[in-house]
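Here the structure comes first, spelled out in C-alpha cells, and everything after it is commentary.
The values are calculated or read from the model by the stated rules, or taken from the named source; none is laboratory data. Note that the structure is predicted; figures quoted are calculated from it, not measured. Every residue, glycine as well, gets a Cβ built from its backbone with ideal geometry; the counts of neighbours run over all protein chains shown.
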Amino acid sequence: MTTYIIRRCLMAIPLLFLISVISFGIMKMAPGDPTALMMDPMIKQENLEAYKESYGLNDSIVVQYGRWLGNMVQGNFGESFIRQGVPVSELITARLPNTLLLMLVSTFIAFIISIPLGVWSATKRNSLQDYAITVVSFLGVATPNFWIGLVLIMVLSVHLGWFPIGGVATYGEPFSIWDRLHHLVLPAFVLATADMAGLTRYSRSSMLDVLRQDYIRTAKANGFRQKTVIFKHGLRNALIPIITIFGLMLPSFIGGSVIIESVFAWPGIGLLFMEAAFQRDYPVIMAVVVIAATLVVIGNLLADILYAVFDPRIEY
Amino acid sequence: MFRKPLWKVAALAMVLMIAACSQPEEAGNIDANAAEKEGAEAEGGNLVLATTAAPTLFNPYYSTDTSSSTIEGFIFSGLVTVDQDFNPEGDLAESWDFTDDGLRWTFHLRENVKWHDGEPMTADDVVFSYTIPKDPDYVGPRGLPFEIIEEVNKIDDYTVEFVLSEPYAPFITITAQFEVLPKHILGEVPIAELGKHPFNTKEPIGTGPFKFKEWKEGEYIALEAHEDYHLGAPKLDGLLYKIVPDTNTSMAQLQVGEISMAGISPEYVGMAQDLEAKGMVKLESGPSNAFEYIGYNLRNELFQDKKVRHALTHAIDREAIIQAILGDAGTVAHGPGSPANWAFNPDVPKFEYDPEKAKQLLKEAGWEPGPDGILEKDGKKFEFALKTTSANEIRQQIAEVAQQQWAEIGIKTSIEVLEWSAYVEQTSPPNWNFDAIVAGWSIGSDPDPTWFWHTSEIEAGLNYNGYSNSEVDELLSKNTQIADLEERKAVIAEADAIVTEDQPNTFLYYPEGYLAISPKLVGPSYNAANTYYKIHEWYFEQ
C-alpha cells in the first residue's frame with residue numbers, strides 16, 4: 001500500500017508538469033495581456049511598454065515559462081501583475097480556506113441528503129415515493145444552480161429576512177461560529193443541490209444493483225431483518241462506486257463554485273481565478289491552476305485508497 | 001456606474017468597460033415586499049457602497065480601474081477637485097492663479113492639512129508627487145497628463161509653481177486633480193519600486209476625508225473618518241466598500257438597506273422605481289457624461305459620401321429605440337458631447353427620423369434598388385456588417401433595430417457580436433476591421449473632443465472612424481490653449497456642429513444615469529461630475 005502511494009505521488013510530478021505547460025500555453029494564447037484593460041487615451045504606449053518590460057512580458061514564452069517554473073519549484077508563486085507587489089500566495093491563503101469550507105460543507109450536505117434518499121428510493125422501487133424523488137432529481141439536474149441561489153436569496157433573505165445576502169461574516173461583529181454558519185448555509189445548500197440530484201440517482205442505481213446480488217438474497221433467506229440486510233450488507237457495497245464520484249467531485253471544488261461564489265459574494269478561489277483570467281494576471285492564474293491540478297491528483301489518489309478500505313477484494 | 005471626479009482616468013473611458021462586468025440576468029422582476037431592515041440605526045454611521053469589480057491598489061499614479069480610483073478619492077486629495085458641474089474647485093489648494101500666457105500656474109495651499117498619521121502636508125509633498133510620473137524610472141500608466149509640465153517649483157512651504165511647456169486648458173481639470181502622496185513616507189523609495197510598494201495595498205496614508213482601516217481580501221475595504229480633515233471632520237463614522245460581483249445580489253442588498261447608495265444600470269431601473277414607490281430608496285437621475293452612437297468606418301468607400309451618412313441617420317428611429325430598448329432612460333442625440341457637460345452644444349444640425357428622405361438622399365447619391373430590393377450602385381450592393389460586443393446587451397438590441405430599419409430603405413446589414421477583447425482588438429488601431437459599430441464614449445471631466453475627431457488621433461488614438469476635417473482640426477488644436485471657459489466653449493461648440501453636419505457617426509442618444517440612495521442618507525445627489533462631492537458633510541438621519 002505504502003509503495004503504491006509513493007509510486008502514485010511520483011507519477012503525479014510529470015503529470016503536473018505537463019498540465020502547467022499546457023495551461024501556460026493556453027493562457028498565453030488568449031488575446032491581450034495585463035495591459036489590455038488599461039485602455040485609456042491618457043495612457044501613453046511607452047508607459048505600457050515600460051510596464052511590460054518590468055514584468056518580463058516582452059520575453060519569449062519559453063523564457064517566461066522557465067522563470068515561472070524556476071520560482072514555482074522553490075515554492076514561490078510570484079507576485080500579482082495587477083495587484084502590484086502583492087505575493088500571489090497571500091491572495092491564495094486569503095481565499096482558499098473560504099472555498100474549502102464552502103465545498104466541504106456542501107459536499108457533506110449533498111452526501112447526507114442524497115445517499116439516504118437514493119437508498120430509500122431503491123428499496124421502494126417503482127413506488128410513488130421513488131417516482132417523486134426521481135422527478136425532483138431530474139429537475140435538480142436541469143436547473144442551473146445560480147438561479148436557485150437567486151430565488152432563495154429573494155425568498156429567504158429579502159422577503160423573509162432569515163439569511164444574510166452574501167458575504168462570509170457580518171461586518172464589524174466579533175468572530176462567531178453562529179454568524180459564520182448563518183452566512184454559510186445558503187451558498188453551501190445551493191452548491192449541494194448541483195451534486196445532490198446526481199448523487200441520489202447514483203446511489204439509487206448502485207443500491208439496486210447490490211440488492212439484486214445473490215448474497216443479499218442469501219442474507220434475506222438467512223432471516224436477517226430487512227434493515228440489517230439493507231444497511232449492513234447492501235449499503236456498504238453500494239457505496240463503493242459512490243467513492244469514485246466523490247473522487248471525481250474534488251476537482252470541481254475550485255471551478256464548480258465560481259458562479260455560486262459570485263452570486264453569494266463569497267470570496268473564494270473561484271472568484272479570484274475568474275478575476276485573474278479577465279485581467280490576464282498570469283501568476284495568479286497559474287497558481288490556481290497548479291493548486292486545482294494538485295487537488296485532482298490528490299482526489300483520485302484518495303478515492304483509490306478509499307476503495308481498498310471499503311472493498312476487501314481490492315488490494316494494491 | 002459611479003463616476004468619480006474622474007478625470008484621472010481621463011478624458012474618456014469606454015463606457016463598455018462598465019457593462020462588460022454584468023452578469024447573466026435573472027428572468028423576471030424582483031417583487032419588493034417586506035424587507036424592513038431591523039433596527040435601521042444598526043448601520044450606525046457607515047456609508048456602505050458595493051462594487052462588482054475589486055480594486056487593485058490605492059495609488060493614483062499606478063492604478064487604472066474605477067474601484068481603485070473611487071477609493072483613492074476618499075483616502076487622498078488633489079490640488080483641486082471638480083464640483084457637480086465640472087467646475088474646478090480648490091481642495092488642497094485654497095486658490096490658484098496663472099499668467100496671461102497660461103504657462104505659469106501658482107497654487108496657494110491650505111495650511112491646515114494633515115496627513116492621516118498627523119504630519120502636516122506641505123509644498124514638498126506636492127512637488128514630490130507631481131514629479132513621480134516625470135521620473136525616468138517611473139513604471140506606471142500616468143505619464144501623459146504630466147508631459148506638458150516643465151518644472152514644479154516650491155516657492156515656500158505653502159506655495160507651488162508649475163511651469164508648462166504650452167498653454168493647456170485641461171491642466172486644471174485633469175492634471176491638477178491628481179492626488180498628492182506623502183513625501184515623508186515615500187520620499188526615500190526608489191521610483192522604480194513605487195508601484196509595488198506595500199504602501200499601495202497595506203497602509204495608504206492620505207489627506208482625504210477617510211483613513212484606510214482594512215482591506216479584507218475579496219470581501220471589502222473599510223475606511224474610517226479622518227477627524228483632522230481639512231474641510232471639516234466627516235459626519236459619517238466610516239465607509240465600507242463591499243465587493244459584490246453579481247449585480248442581482250447587490251440589488252437585493254440595496255432592497256434590504258444593506259447598501260446605502262448604488263448606481264443603477266438600465267436593466268434595473270424598473271426595479272429601482274418600484275423600490276422608490278415603496279419608499280425604500282430615493283431615486284435620482286440625470287444625464288450621464290456620455291454618448292452612444294453607430295460609428296462608420298470612413299475608410300470604407302460605402303460611407304465616404306456625406307449624403308449616404310445623412311441617409312443612414314434619417315433611417316433610424318432613435319425615439320423608438322430609447323422608448324423600447326432603454327425604457328426612456330435617455331434622450332435623442334444629434335451630435336457628440338453630453339448635456340451633462342458644460343461644453344455641450346444643443347444647437348447642432350438635426351437629422352430626424354424620415355425614411356422617405358433617406359431614400360431620396362440615397363437616390364441622389366446614385367443608389368438605386370436592384371431586383372431583390374437591395375440598393376445597388378455600379379453593380380455593387382449596399383451591404384455591410386454591423387459589429388458590437390456581447391458585453392453590452394443594449395447595443396446588441398440596437399444593432400437589431402438598425403438592421404431592420406435599414407432593411408426598410410434597401411440596405412442589407414449583417415450583425416456580428418464579438419467578445420469584448422476580440423471586439424476591441426478588431427475595431428481599434430491598427431486593425432480598424434469594421435464597417436460600422438454600435439458603441440459609446442464616456443467623456444471625462446475635461447470636454448476636449450480632440451480624442452475623437454482630430455486627424456492626429458487616427459493613427460493610434462480613438463478616432464476609429466478615420467474622420468478628418470481640417471476645419472475641425474484647427475478648432476480642436478485651438479480649444480485646449482484657451483483658458484477662458486466661455487471662449488473655449490464656443491470653439492468646442494463650433495467643432496461639434498461641423499462634426500454633426502459631417503455625421504461620421506449616427507449619434508443615437510445620451511444615456512440617463514440613475515442613483516438609488518437610502519432614504520435616511522442626506523447629502524448625495526445624482527450628477528455626472530463628482531458623485532461623492534463633499535462627502536464629509538453627508539450623514540444619516542435618525
Among the residues of region B:306-351, the number that are in contact with a His (Cβ under 7 Å, 6 or more places away or on another chain) and aromatic (Phe, Trp, Tyr) is 1
Quick check: anything in region B:278-295 among the charged types (D, E, K, R) and over 30 Å from B:Thr52 (Cβ atoms)? no
Quick check: is even one residue across region A:36-59 in contact (Cβ under 8 Å) with a residue 40 or more places away in the chain and out of contact with any Phe, Trp or Tyr (no Cβ under 6 Å at 6 or more places or on another chain)? yes
Expected single match for of a type in the set (A, V, I, L, M, F, W, C), crowded, with 17+ Cβ neighbours inside 10 Å, under 15 Å from A:Gly247 (Cβ atoms) and at pLDDT 85 or above among A:Ala293, A:Ala276, A:Ala287, A:Ala303 is A:Ala293
Looking at region B:134-181, which of its residues are buried (at least 19 other Cβ atoms within 10 Å of the Cβ), assigned to a loop (DSSP other than H, G, I, E, B) and within 14 Å of another protein chain (Cβ to nearest Cβ)? B:Tyr138, B:Val139, B:Gly140, B:Pro141, B:Arg142, B:Gly143, B:Tyr168, B:Ile174, B:Phe178
Residue count, region B:316-327, condition in contact (Cβ under 8 Å) with a residue 12 or more places away in the chain and surrounded by fewer than 15 Cβ atoms within 10 Å (Cβ to Cβ), comes to 4
Those residues of region B:211-225 that are outside any strand (DSSP E or B) and more than 11 Å from every other protein chain (Cβ to nearest Cβ) come to a total of 0
Could you grab me the full set of residues in region B:103-133 that are crowded, with 18+ Cβ neighbours inside 10 Å, more than 14 Å from every other protein chain (Cβ to nearest Cβ) and assigned to a helix (DSSP H, G or I)? B:Ala123, B:Asp125, B:Val126, B:Val127, B:Phe128, B:Ser129, B:Tyr130
Check A:Val185 against each of (1) within 14 Å of chain B (Cβ to nearest Cβ); (2) within 23 Å of the chain's Cα centre (by Cα) and name the one condition it does not meet. (1)
Quick check, is A:Phe231 among the aromatic types (Phe, Trp, Tyr), more than 14 Å from chain B (Cβ to nearest Cβ), in a helix (DSSP H, G or I) and within 25 Å of the chain's Cα centre (by Cα)? no
Out of curiosity, is B:Lys359 touching a residue at least 24 places away in the same chain (Cβ under 8 Å) and out of contact with any helix residue (DSSP H, G or I) (no Cβ under 8 Å at 6 or more places or on another chain)? no
Only residues that are touching a Leu at 6+ places or on another chain (Cβ under 8 Å), within 8 Å of chain B (Cβ to nearest Cβ) and closer than 28 Å to A:Asp59 by Cβ: list them for region A:261-278, please. A:Leu272
Just need a number here: residues in region B:335-385 that are part of a loop (DSSP other than H, G, I, E, B) and surrounded by 13 or more Cβ atoms within 10 Å (Cβ to Cβ). 22
Taking region A:198-225 and keeping only residues that are without any contact (Cβ under 8 Å) to a residue 12 or more places away in the chain and part of a helix (DSSP H, G or I), one is left with A:Asp214, A:Arg217, A:Thr218, A:Lys220, A:Ala221
Restricting to region B:187-207, give me the number of residues that are away from every other protein chain (no Cβ under 14 Å) and modelled with pLDDT of 95 or more. 3
Taking the stated definitions as given, is B:Ile264 surrounded by 22 or more Cβ atoms within 10 Å (Cβ to Cβ), β-branched (Val, Ile, Thr) and under 30 Å from B:Phe507 (Cα atoms)? yes
Pick from region A:114-159, criterion away from every other protein chain (no Cβ under 14 Å) and not in a helix (DSSP H, G or I), ranking: surrounded by the fewest Cβ atoms within 10 Å (Cβ to Cβ): A:Asn126
With the condition kept exactly as written, say whether any residue in region A:274-281 is within 17 Å of the chain's Cα centre (by Cα) and assigned to a helix (DSSP H, G or I). yes
Those residues of region A:84-110 which are surrounded by fewer than 20 Cβ atoms within 10 Å (Cβ to Cβ), assigned by TED's automatic domain parsing to the domain that holds A:Arg280 and over 17 Å from A:Ile269 (Cα atoms) amount to A:Phe108, A:Ile109
So B:Thr450 ticks every box in (1) under 21 Å from B:Arg318 (Cβ atoms); (2) free of Cβ contacts under 8 Å to residues at least 40 places away in the same chain; (3) buried (at least 22 other Cβ atoms within 10 Å of the Cβ) but one. Which box is left unticked? (1)
Would you pick out the residues in region B:447-468 that are within 11 Å of chain A (Cβ to nearest Cβ) and of a type in the set (S, T, N, Q)? B:Thr450, B:Asn463
Among the candidates B:Pro133, B:Pro145, single out the residue that is at pLDDT below 90 and not aromatic (Phe, Trp, Tyr). B:Pro145
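Let's see how each residue does on (1) in a helix (DSSP H, G or I); (2) more than 11 Å from chain A (Cβ to nearest Cβ); (3) under 30 Å from B:Pro170 (Cα atoms):
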{"position": "B:Ala402", "(1), (2), (3)": "yes, yes, no"}
{"position": "B:Gly410", "(1), (2), (3)": "no, yes, no"}
{"position": "B:Ala422", "(1), (2), (3)": "yes, no, no"}
{"position": "B:Gln426", "(1), (2), (3)": "yes, no, no"}
{"position": "B:Asn433", "(1), (2), (3)": "no, yes, no"}
{"position": "B:Ser445", "(1), (2), (3)": "no, yes, yes"}
The lone exception for A:Ile112 - which of (1) without any contact (Cβ under 8 Å) to a residue 24 or more places away in the chain; (2) under 30 Å from A:Arg212 (Cα atoms); (3) touching a Lys or Arg at 6+ places or on another chain (Cβ under 7 Å) it fails: (3)
Restricting attention to region A:160-169, the residues that are more than 17 Å from B:Ser250 (Cβ to Cβ) and within 7 Å of chain B (Cβ to nearest Cβ) number exactly 1
Among the candidates A:Val190, A:Val168, which residue alone is part of a loop (DSSP other than H, G, I, E, B), touching a residue at least 24 places away in the same chain (Cβ under 8 Å) and among the aliphatic types (A, V, I, L, M)? A:Val168
If you take the residues of region A:80-109 that are free of Cβ contacts under 8 Å to residues at least 12 places away in the same chain and within 14 Å of chain B (Cβ to nearest Cβ), which of them is nearest to A:Tyr51 (Cα to Cα)? A:Gln84
Hits in region B:252-263 (condition: more than 8 Å from chain A (Cβ to nearest Cβ) and at pLDDT 90 or above): B:Leu254, B:Ile259, B:Ser260, B:Met261, B:Ala262, B:Gly263
